[in-house]
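Enquirer: Here it is, the structure, as C-alpha cells.
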Amino acid sequence: MLSKLNKKMKIVLTKICFLLCFFLLISCKKTVVSDTQNSLPQENDIEYASSLAIYKNQGYSVVRVINPWPNATKNLTYILKEKNGILPDSLQKYPVISVPLQSIVVTSTTIIPYLEMLGVEKKLVGFPHTDYISSEKTRTRIDQGLVKNVGQNEKLNMEQLIDLAPELIVTFSMDSNNPMIANLEKSGLKVLIQADWMEQSPLGKAEWIKLYGALFGKENEAKILFDEIVKNYHDASAVITNSQKQKTVLYGSMYQDQWFVAKGNSWVSQFIKDAKANYLWAATEGTGSLALSFETVLEKGKNADFWIATGSFTSLSELEKANPHYKQFKAFQNKEIYTFESKIGPKGGTIYYEKAPSRPDLVLKDYIKIIHPEQLPNYTFTFAKKLN
C-alpha cells in the first residue's frame, strides 16, 4: 500500500515539476521580450508639437513624424544613431541616420532660423531656390558660394545633390506619392521628411528646434532655447488682464474672387486668442483657410476693430487700389489695418514666413502691440507693419 502511495506521489511530483518548468520557461520568454521592450526609449521629449516625437536612449534616438502630410495613413520613423550606439534588432528596419551631422541640405526656409539659433548654420551646404532665404548670416554664405542652389522643391537637382553628398536632406511631402524623394533614396542619399508645416500650435511649430538639436548633438541647447521661447510667450500673454474689453479682429483679404480667412483651429486663430482678442472666425472648425465671398465677410467683419490683411501691401492707398470696396470696413476708416507680410528680404523672400515659426513669442508680442498697445509701450514690431 505504502509502495503504491509512493509511486503516486512520485507521479504527482513529476507533473508538478514539469508544470513548474513550463511556467518558468514562459516566464523567461516573457522576461526576454520585456527586456527588449525596456531597451527602447519610453519617454517622449516633445510637449507641444503634435507631429513630432523624440525618444532619447543610450547611444541613439527614435524620431517619429506623426501625420506627415494631410490625411496621412502612416507615421514615419527614423533612428538617429550616435558613433558607438548599439541598436536593438527591432529598430534595424528603420532608416538610420548617423549623428551628429556634419552636412545637411534643407528645403524649407523655416529651418534656417533653427540652424542659426543652434550655431550650426555652417553645416548647411545646399538649398532649393536660395533667393527665398532672407537671413543675413545664411545669405552671406550663399554669396560666398558655400550654400549651393540645388534647384526647386518639386524638382531638386539630383546630380548636384549626389556631388554635394550631404549626410542628410530634410524635406517635406504633400502626400505619400513623391517620386522625387524616392529617387533621392534610390541614389543613396539619406532623406528625412519633416512636418513642421502641419503644426497649428504656435509653440508646437517652435518645438521642432529639438529635432535639429538631436540631429546636430545640440539637444541641451535646443531645450534651453525652446524653454526661453515658451516662457516669453506665456509672459507676453499674461500682461493682458481678462477684465479688458475684447476687441474684434478681421483676417485675410481678397484673392481673385474670394476672401480667404483662417479657420478656427489655425495658428493665426491661436495667436489672436492668446492676445485676448475676439477672432471673428474662431468658431470655424478645422485648420487652413476658408474661402468666402466679399459680401459674407463684409456682413460679419464690417465693424471689426482691427484687420490683419494678407499680402505684401505697404499702404492703405495700395490696398484701396486692389479693391475700392475695402473702404467700407471700419478698420480701414480708422486706419487700423496691419500686415505681417510686407517685410521682404534682400532677394524678395518674406521674412515672416521664414522666421515666425521659430519665434512665436515675437509674433504674439506683435499681435498684443496691435490690439493692446498700452501693454507693450516700448516694444517695436518684429514682423507686423501698420498700413499708413
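Enquirer: Give me the extension gain from Thr73 to Lys335: residue separation times 0.36 nm, minus the current Cα-Cα distance, reported in nm with one decimal.
Expert: Going from the current span to full extension adds 89.7 nm.
Enquirer: Here is a further query. Can you tell me the order of 175-187, 359-371 when each peptide is scored by its average per-residue count of other Cβ atoms within 10 angstrom, highest first?
Expert: Ranking, from highest mean packing down: 359-371, 175-187.
Enquirer: If you count only protein heavy atoms with a 1.4 Å probe, what accessible area per residue comes out for region 212-295, rounded to a whole Å²?
Expert: 50 Å²
Enquirer: Taking R0 as 25 Å, what's the FRET efficiency between Lys137 and Ile193 from their Cβ-Cβ distance, rounded to 0.05?
Expert: 0.45
Enquirer: Also: With a ≥ b ≥ c taken as the square roots of the eigenvalues of the C-alpha gyration tensor of the chain, please select rounded if a/c is under 1.5 and otherwise prolate if a/b is larger than b/c or oblate if it is not?
Expert: Note, shape of the chain comes out prolate.
Enquirer: Right, something else. Measure out, as a whole number of angstrom, how far apart the alpha-carbon centroids of region 60-107 and region 284-309 sit.
Expert: With region 60-107 and region 284-309 each reduced to a Cα centre, they are spaced 41 Å.
Enquirer: At 1.4 Å probe size, with every protein chain present, just tell me what the per residue accessible area of region 312-388 comes to in Å².
Expert: 46 Å²
Enquirer: Measure up Lys330/Lys369; Lys231/Lys335; Lys263/Lys386; Lys273/Lys355; Lys335/Lys355 against 31 Å on the Cα-Cα distance and list the ones that go over.
Expert: Among Lys330/Lys369; Lys231/Lys335; Lys263/Lys386; Lys273/Lys355; Lys335/Lys355, the Cα-Cα distance tops 31 Å for Lys231/Lys335.
Enquirer: With a 10 Å radius around each residue's Cβ, average the other Cβ atoms per peptide and rank 132-142, 213-223, highest first.
Expert: Highest mean packing first, the order is 213-223, 132-142.
Enquirer: May I pose another question? Two-decimal Rg/Rh of region 274-388 from alpha-carbon positions, Kirkwood Rh?
Expert: 0.95
Enquirer: Gain in length, Asn183 to Asp89, computed as 0.36 nm per residue apart minus the alpha-carbon separation, to one decimal in nm?
Expert: Full extension of this stretch gives 31.1 nm more.
Enquirer: Carbon-plus-sulfur fraction of the accessible area of region 90-231, 1.4 Å probe, in percent?
Expert: 50 percent
Enquirer: State the percentage of accessible surface on region 277-333 attributable to carbon and sulfur atoms; use a 1.4 Å probe and exclude ligands, DNA and RNA.
Expert: With neighbouring chains kept in place, the figure for region 277-333 is 49 percent.
Enquirer: Related question: In region 261-283, whose amide N lies under 18 Å from the spot 7 Å out along Cα-to-Cβ of His234? List them in ranges.
Expert: Once the point is set 7 Å along Cα→Cβ of His234, 271, 274-276 turn out to lie under 18 Å by backbone N, inside region 261-283.
Enquirer: Give me the distance between the Cα centres of region 367-383 and region 224-265, rounded to whole Å.
Expert: Here the answer is 12 Å between Cα centres.
Enquirer: Further, regarding this structure: Rounded to the nearest 500, what is the chain's calculated 222 nm mean residue ellipticity when only DSSP H runs of at least 4 contribute -39500 (n - 2.57) each, over all residues?
Expert: Mean residue ellipticity, 222 nm, calculated: -11000 deg cm²/dmol.
Enquirer: If you don't mind, another one. Need one word for region 197-300: rounded, prolate or oblate. Basis is the Cα gyration tensor (sqrt eigenvalues a ≥ b ≥ c); a/c below 1.5 gives rounded, then a/b vs b/c decides.
Expert: oblate
The values are calculated or read from the model by the stated rules, or taken from the named source; none is laboratory data. The shown structure was predicted, so the numbers you read here are calculated from the model rather than taken from an experiment. Don't worry about glycine lacking a Cβ; one is built from the backbone with ideal geometry, like all the others, and counts go over all protein chains shown. Just so you know, the surface numbers come from the protein's heavy atoms only, side chains and all, with ligands and any DNA or RNA stripped out. Shrake-Rupley method; radii C 1.70, N 1.55, O 1.52, S 1.80 Å.
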